[in-house]
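Just below is one structure, and these are the notes that go with it.
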Amino acid sequence: MCLFTDKVHNHESLIEFIYKAFTLWHNHIMSSQVTLRLRRRAHLIWPLLALLATIFLSSRIWTTLLIATAGLLLITYLWARQLARHVSATRQLRFRWVTSGDLLEEWFELQNLGSLPVSWVEISDQSTVPGYSASGIYHVDTRNKVRWRQQAICERRGRFTLGPWTVRCEDPFGIFSVTIHYPESEEIIIHPPINTSLPFSLPAGHGSGRDRLHHSLQQAMVNAATVRDYRPNDPFHHIHWPTSARRGDLFVRQFDEDVAGDAWIVLDLQAAVQLGEDADSTVEQAVLMAAALADEALRSNRAVGLAAYGQNPQIVAPKRGQGQRWRILQALALLSADAEADLSQPLRDLSHVVQQGSAVMVITPSGSAEWIPDLLLLTQRGVSGSVAIFDRASFGGEGNALGMRDAIRRTGFDCQIVRQGEIVQQLAAGEDASNWEYRVTPLGRTIVVKRPREMVKQL
């Protein structure tokens, strides 16, 4: 009995050794990991049985079967080895800056540089972008390549990854499989859109005397309202030369020097007070409002900042310029409504850093009045502000929005009530999705035919 058991174990060990030695081939080619593997161990049984039968039975039939099975195993192995060496794929993201509702687009290329065909190639994509996957089955001939475009509408803001991904193919008999794994992934941030019309604006605030002087010296060329006749002692760099040439006399730009103060946008990210789901949730509506308010302030050449206290706080100090727009949009893309505390602590922290004459806009779905007294800390520092509160009843919750509004106004802050459906994107997801389109002239010049809608808006 022991002798029989030892023979069985030796037989299994032999199969295991052949399986490992004959079927595993692993290699690193550039940024990919290539593995050649026998799909089933049962494929080794027939050659071994034919070998044993040939040794002990000495029949031509078993010899022929041994040659056929061993030859098939060898041919398919060499075939798969060729595929492992000559099949590869690449992917390239076309536009790296995308917002919710925009078109996400990638170009894929699958090539076979070998002399053996590939009946099918399976691509398994592990990207985390909602509603997007590049997985599929494709075919590529010998010494050929296949290119295709993968598209999807960006459904939700946030940080996601494209990849990792895997390419898999087999020999014609399905005995060996080749797996090409691309472990690298590319991070992509889907930003909130700036296409919301709001029924209100940021509070104005008022800048200091230094701010006015700094603005008039450095920002004068931006905020010109109209032109007037030239007067003695007017700076020469204020002369508007096109108007002067057209009218035959000197005219200078006339500026509005009533400079508004810095603006802060404060978002309430307490998880317990949020209502609604997906795009109709209070947190998504708040993000749309914050993006639109920040864009409006930056277009008016105001310095604007963001304070959003979640588990990972998103704090952006007030600044001006195009770069500030991208910083705020990125912070809005990454925030989550997962805070445990209410607005009290963010308002106290803000009261220590906000400057006199600044303006604060608070956006909250809270139905509790516990944080309202902390608004007095801001008014005592000479800060003007406004609060946008969501009408919880319109979002399916409970609350007294009118009572909250009256309590907030008694602190010196203005207050607006926002009901569900009032803050909506002007374009539905997928409709007129943003994309670039080009046309090349016969002389080789590239002309932009269509810009993304966000870019058109900025122009």
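Just so it is clear, none of the values below were taken in a lab; they were calculated from the coordinates. Just so it is clear, the model here is predicted, and its values are computed rather than measured. Counting neighbours? That spans all protein chains shown, and the Cβs are built from the backbone with ideal geometry, glycine included.
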Self-check item: Dipole of segment 263-418 [Lys/Arg +1, Asp/Glu -1 at C-beta], most positive-end residue of Ser281, Leu402, Gln322
Solution: Gln322
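Excluding Pro199 itself, what net charge comes from residues whose Cβ is under 14 Å from its Cβ, given Lys and Arg +1 and Asp and Glu -1?
On the way: positive: Arg419; negative: Glu296, Asp391, Asp414, Glu422.
Result for the local shell: -3.
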Quiz prompt | Dipole magnitude (debye, nearest 20) for segment 22-195, charges at Cβ of Lys, Arg, Asp, Glu | solution = 400
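FRET efficiency for Thr379 and Arg419, Cβ-Cβ distance as r, R0 = 35 Å, nearest 0.05? Before the final figure, lay out the partial values.
Numbers: r = 27 Å, r/R0 = 0.76.
After rounding, the FRET efficiency stands at 0.85.
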Quiz item: What FRET efficiency comes out for the pair Ala407/Arg348, r = Cβ-Cβ distance, R0 = 25 Å, nearest 0.05?
Solution: 0.85
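Taking 0.36 nm per residue of separation and subtracting the Cα-Cα distance, what length does fully extending Asp249 through Thr64 add?
On the way: separation 185, 0.36 × 185 = 66.60 nm, distance 10.59 nm.
Taking Asp249 through Thr64 to full extension adds about 56.0 nm, to one decimal.
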Practice problem: Quick one: what are the phi-derived ³J(HN,Hα) couplings along segment 360-373, Karplus 6.51/-1.76/1.60 with θ = phi - 60°, whole Hz, x for glycine and proline? | Solution: 10, 10, 9, 10, 8, x, 5, x, 9, 9, 5, 8, 4, x
Exercise. May I ask you to compute the full-extension gain from Ser336 to Gln33, defined as 0.36 nm times their residue separation minus their alpha-carbon distance, rounded to one decimal in nm?
Key: 105.5 nm
Self-check item: Interchain or long-range residues, amide H under 5 Å from Cys415's placed H
Solution: Val387
Self-check item: Spacing of the two label points (7 Å from each Cα toward its C-beta) at Leu78 and Asp280, in nm
Solution: 6.5
Quiz prompt | Under the Karplus curve 6.51 cos²θ - 1.76 cosθ + 1.60, θ = phi - 60°, whole-Hz ³J(HN,Hα) for segment 266-283, x wherever Gly or Pro sits | solution = 10, 9, 8, 10, 5, 5, 5, 9, 6, 9, x, 9, 6, 5, 8, 6, 5, 5
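Calculated FRET efficiency, Phe236 and Glu184, Cβ-Cβ r, R0 41 Å, to nearest 0.05? Can you show the working numbers first?
On the way: r = 56 Å, r/R0 = 1.37.
Once the sixth-power term is evaluated, E becomes 0.15.
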Quiz item: Counting other C-beta atoms within 10 Å, which of Phe251, Phe173, Phe236 has the fewest, and how do the rest follow?
Solution: Phe236, Phe173, Phe251
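For each of Trp62, Trp107, count neighbouring Cβ atoms within 10 Å of the residue's Cβ, then give the residues from fewest to most. The partial results should precede the final answer.
Numbers: Trp62 18, Trp107 13.
Listed from fewest to most nearby Cβ atoms, that is Trp107, Trp62.
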Quiz prompt | Placed amide H near Asp171: partners under 5 Å, 5+ positions off or other chain | solution = Phe176
Quiz item: Sorted by average packing, counted as other Cβ atoms within 10 angstrom per residue and highest first, what order do 386-395, 413-422, 87-96 take?
Solution: 386-395, 413-422, 87-96
Quiz item: Label points 7 Å out from Cα along the Cβ direction at Arg168 and Leu57: separation in nm?
Solution: 3.6
